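The values are calculated or read from the model by the stated rules, or taken from the named source; none is laboratory data. Predicted, not measured: the structure shown is a model, and the values here were computed from it. Methodologically, a virtual Cβ is constructed for each residue, glycine included, from the backbone with ideal geometry; neighbour enumeration extends over all protein chains shown. These accessible areas exclude ligands, DNA and RNA; they are computed on the full protein's heavy atoms, side chains included. Shrake-Rupley method; radii C 1.70, N 1.55, O 1.52, S 1.80 Å.
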Amino acid sequence: METTDCYLSYTVSYPWLLGVTPQDVVAVIDEYGPDRVLIETDSAGILRSDVFAFKRTIFELYRLDLDLATIRQVVDENPRKVLNDK
């Protein structure tokens, strides 16, 4: 992340497959900042997904003391930037 303009995206809808935890997200934000981190769900319907994973992840980030502005950035603002949605 330090040497590219890439974003790091965490898919949270398949915790049973990918093993991504809110603690992983917080650790990356603590190390690199929230500017190019985003959280998303892959809801293509190909695999069984947890429809409440996104909301649960947001609550867990809050419980882990991530401030609201940072949570908003990684779940809303950064995805909008990537998709060029203002």
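Taking the mean number of other Cβ atoms within 10 Å as a proxy for protection, how do you rank 64-70, 75-81 from highest to lowest? Numbers along the way, then the final one.
Working: 64-70: 12.4, 75-81: 16.0.
Those peptides, ordered most packed to least, come out 75-81, 64-70.
What ranking of 42, 35, 5 comes out by heavy-atom accessible area, probe 1.4 Å, highest first?
Order by accessible area, largest first: 5, 35, 42.
Could you pull out every residue, at least 5 positions away or on a different chain, whose amide H is within less than 5 Å of the one on residue 8? Hs are placed 1.01 Å off N in the peptide plane, and Pro or chain starts have none.
Hits under the 5 Å cutoff: 37, 38.
Please list, in order along the stretch 73-85, the HN-Hα scalar couplings obtained from phi with the Karplus expression 6.51 cos²θ - 1.76 cosθ + 1.60 (θ = phi - 60°), rounded to whole Hz, x for Gly and Pro.
Going residue by residue, I get 5, 7, 9, 10, 5, 5, x, 4, 4, 4, 8, 6, 9 Hz, with x marking Gly and Pro.
Considering Cα pairs under 8 angstrom that are at least six residues apart, work out the relative contact order of the chain and quote it in whole percent. Intermediate results must be reported in sequence, preceding the final value.
On the way: 91 pairs, mean separation 28.9, N = 86.
Once divided by the residue count of the chain, the mean separation gives 34 percent.
Of the labelled options [x] 80; [y] 92; [z] 104, which one gives volume of the Cα convex hull per residue in Å³ as computed for this structure?
[z]
Roll a 1.4 Å probe over the protein chains and send me the accessible area per residue for the chain in Å².
Ligands and nucleic acids excluded, the figure is 68 Å² per residue.
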